Amino acid sequence: MSGCIFCKIVNGQIPSKIVHRDDLVTAFRDINAQAPTHILVVPNQHIRGADEISAEHGQVVAAMFMVATRLAESEGVGASGYRLVFNVGPNAGQSVFHLHLHLLGGRHLAWPPG
């Protein structure tokens, strides 16, 4: 999708602090970090949001979780704990309509979120 900021990051049109890239997903540091570790894991193909995931996206979604888990370990939050979040729709806080998984860690994360 031509106007999507995450598509532009994936395609290298917008600079970002990329921490992982492969054929299926790209991960980069969130510019509005809500925790010491705040990484976004996005599919390289445009999927509008979690509410549009279908069976054909199974491999991509699995890759998102596997990359997030590996990044949690490499960021040093694997043992202490971390949160993985999909926001779905504006009322849930989704502001970019390209599927993305938040990896948050590095501090105590209260529930419910404040």
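For region 8-114, the dipole from Cβ point charges (+1 on Lys and Arg, -1 on Asp and Glu) about the Cα centre works out to 320 debye, to the nearest 20. Remark: region 29-114 carries 56 Å² of accessible area per residue (probe radius 1.4 Å; ligands, DNA and RNA excluded). How would region 1-103 be classified by its alpha-carbon gyration tensor: rounded, prolate or oblate, with rounded meaning a/c under 1.5 and the a/b versus b/c comparison settling the rest? It comes out rounded by the Cα gyration axes. To the nearest ten degrees, helix 58-74 and the longest principal axis of the Cα atoms of the chain are 30 degrees apart. With each label modelled as a point 7 angstrom along the Cα→C-beta vector, the residue 31-residue 2 pair spans 2.2 nm. Accessible surface comparison of 48, 83, 70, probe 1.4 Å, protein chains only, largest first: the order is 70, 48, 83. Protein heavy-atom surface of the chain, 1.4 angstrom probe: 53% of the accessible area is carbon and sulfur, with nucleic acids and ligands not counted.
The values are calculated or read from the model by the stated rules, or taken from the named source; none is laboratory data. Predicted model only: the values in this text are computed from it and were never measured. Heads up, the Cβs are rebuilt from the backbone with ideal geometry, glycines too, and the neighbour counts pull from every protein chain shown. With ligands, DNA and RNA removed, areas are computed over all heavy atoms of the protein, side chains included. Shrake-Rupley method; radii C 1.70, N 1.55, O 1.52, S 1.80 Å.
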